[in-house]
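Step one of this worksheet: look at the structure below.
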Amino acid sequence: MIFSLQGIVQELTPTYAVINVQGVGYYVGISLMTSQTLTTNQETVLFIQQIIREDAHLLFGFKTRSEKEMFNLLISVNGVGAVSALILLSTLALDEIASAILSRNSALIQKAKGIGAKTAERIIVDLKDKVQKFSNPEENISTLANNKVKEESLSALEVLGIPKRMSEKLADSIIKQNPEISIEELVKQILKKHLTFGGKY
């Protein structure tokens, strides 16, 4: 089984990517969540779920392990296929899916095209005891771009004498509220909080 692929993004759409690994192009189904983290002609690593059917060998790729885990949970539900799972992952964030399941919010799950009331109820019943970990917002600040901004900001703050452990949770909180924040702005906001609260936040 293929666990992961590392290569160049040869083609990219909201629903699939072609990853060129040493001259071999792999067609990989993806969610909008993963698509937004990829850039054509740039190298990437995707976690792969391989599904083997009588008529096809299918590959589905995910930027994070968490998204892959949620995908596998969803397709374990009777009536939820790989395409429906990707549509749900493209419609709602991981924590939103988890929250909808835990709060039995069938209507929110049905916002995903192709998922009706009965399927939404099956998802809730089958997965209500398995998605608690995804309901933590800190689990979902995991796109490549956000990680780069976070790590470079924390490094800059360490140079300024603020230990990483004092800034990490605050950085996660700020990035969640403003995913497009720049390194410079993130450093400024953390410094402001640090000066205001004396490091107690």
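Top mean-square fluctuation among V80, V24, V187, Gaussian network model of the chain, C-alpha springs under 10 Å?
Looking only at V80, V24, V187, the biggest GNM fluctuation is shown by V24.
Within a Cβ distance under 15 Å of M1, other residues only, what is the Lys/Arg minus Asp/Glu net charge?
After counting each charged neighbour, the total is +2.
How large is the translational diffusion coefficient of the chain in µm² per second when you combine the Kirkwood radius over alpha carbon pairs with Stokes-Einstein at 37 °C and 0.692 mPa s?
177
If the reach is capped at under 17 angstrom between alpha carbons, list the aspartates and glutamates near K188, excluding any in the same chain fewer than eight residues apart.
Of all the aspartates and glutamates, those that pass the test against K188 - Cα under 17 Å, at least 8 places apart if same chain - are E151, E152, E158, E168, D172, E180.
Mind checking the per residue accessible area of the chain for me, 1.4 Å probe, whole number of Å²?
Heavy-atom SASA per residue in the chain reads 56 Å².
So if a site counts as exposed when it's one of the trypsin sites (Lys or Arg not before Pro), its DSSP state isn't H, G, I, E or B, and it has at most 16 other Cβ atoms within 10 Å, what's the longest stretch of the chain without one?
Longest run free of exposed loop sites: 131-199.
Mind checking segment 1-103 for GluC sites (Glu not before Pro) that DSSP puts in a loop (not H, G, I, E or B) and that have at most 10 other Cβ atoms within 10 Å?
E54
For a quick check of understanding: with a 1.4 angstrom probe and all protein chains in place, what accessible area in square angstrom does F47 have, to the nearest ten?
Answer for F47: close to 40 Å² accessible.
Whenever you get a sec, line up I123, I2 from highest to lowest accessible area (probe 1.4 Å, protein heavy atoms).
Highest to lowest solvent-accessible surface, that is I2, I123.
Quick one: how many Å² of L102 are accessible to a 1.4 Å probe, rounded to 10?
70
Kirkwood Rh, Cα Rg: Rg to Rh for segment 1-120?
0.99
Would you mind working out the magnitude of the charge dipole of the chain relative to its Cα centre, with +1 at each Lys and Arg C-beta and -1 at each Asp and Glu C-beta, to the nearest 20 Debye?
560
Residue-wise, which Karplus ³J(HN,Hα) couplings in Hz belong to segment 110-119, taking 6.51 cos²θ - 1.76 cosθ + 1.60, θ = phi - 60°, and x for glycine or proline?
Whole-Hz 3J(HN,Hα) from phi for segment 110-119: 6, 5, 6, 4, x, 9, x, 4, 5, 5.
Using a Gaussian network for the chain with springs between C-alpha atoms less than 10 Å apart, which of these wobbles most: I87, I124, I52?
Among I87, I124, I52, the largest GNM mean-square fluctuation belongs to I52.
The values are calculated or read from the model by the stated rules, or taken from the named source; none is laboratory data. On a predicted model such as this, the values are computed, not experimentally measured, just so you know. Using ideal geometry, Cβ is built from the backbone for each residue, glycine included, and neighbour counts are taken over all protein chains shown. Note: accessible area is taken over every heavy atom of the protein model, side chains too, but ligands, DNA and RNA are not part of it. Shrake-Rupley method; radii C 1.70, N 1.55, O 1.52, S 1.80 Å.
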